[in-house]
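Engineer: Supplied in structure tokens, the structure appears directly below.
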Amino acid sequence: MSVTDTTNAPSLKDVLANSSKKTTTTSADGLAAATNSATGKQSLGKDAFLKLLVTQLNNQNPLDPQDNSAFVAQLAQFSTLEGITTLNTSVNSITGNYKSSQALQASSLVGRSVIVQTGTTQVDTSKSMTGSVTVPSSVSSVTVTVTDKAGNTVKTIDMGSQKAGNASFVWDGTKTDGTKADPGNYTFKASTTIDGKGTDLVTYLPATVNSVTISQTGGELMLNLAGMGSPIALSKVQTIGI
């Protein structure tokens, strides 16, 4: 006599399928919980990344375990993330040192005289002022016209013939009639004739540094000079004097 079992017992295939579904759900839930616990609403850091990696290994599907190549790739990503974090720390340290160096450099420039490319500067006419002109080629004559802030010609300086290069000129602070000019802002315009055409030349004049502006974004120092409306970048300074 045979007995037939009519109950609907699950087959081995169904057991394995259900086990796979349960494990996958557990893995997903574990990763979600680990993500929320480790990161919240913040960006993923190296500690959170490692915690997620461990959670993923603890909740992996036994029927479909973590692939070796994928695991190695994740470790490589973790190593890269740690390297970037270390690099950011080093760069921030360098930036801080650079700003400190800029502040020290700025404090030493205030009150100093510098030579910059400009046509206008503040002049103390009680003493002589020395400037320079850039001559592109040998010329027979170079003149520098000095005008006050009202545009009136104060004096014309004849520099004579000049060779190519930088040529210096001196203004003793006197007008054409020999009287002393008042201290203030003056404009110096150098000109010559090249190939029969009148040509303006570049002038370099002394100026006093009143203050220095330090960039908050890592840019170079900007010098605020007496007699000039716009600041001058430190890289534009030709000479730093006393």
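Derivation of every value follows stated rules applied to the coordinates shown; laboratory data play no part. Given the structure is predicted, the values throughout are model-derived calculations rather than measurements. All Cβ positions, even for glycine, are placed from backbone atoms using ideal geometry, and neighbour counts span all protein chains on display.
Engineer: So if the hydrodynamic radius of region 110-240 is defined as the Kirkwood radius over C-alpha pairs, what does Stokes-Einstein give as its diffusion coefficient at 20 °C and 1.002 mPa s, in µm² per second?
Structural biologist: So the translational diffusion coefficient is about 137 µm²/s.
Engineer: Under a plain spin-label model, where a point goes 7 Å from the Cα along Cα-to-Cβ, how far apart in nm are N185 and S230?
Structural biologist: 1.3
Engineer: In nm, give the distance between the simple-model label positions of D47 and V202, each being 7 Å from the Cα along the Cα-to-Cβ direction.
Structural biologist: 5.5
Engineer: Here is a follow-up. Give the long-range amide H neighbours of K155: residues separated by 5 or more places, or on another chain, with amide H under 5 Å away, using H modelled in the peptide plane at 1.01 Å from N.
Structural biologist: Those qualifying (amide H under 5 Å, at least 5 residues apart or on another chain) are V146.
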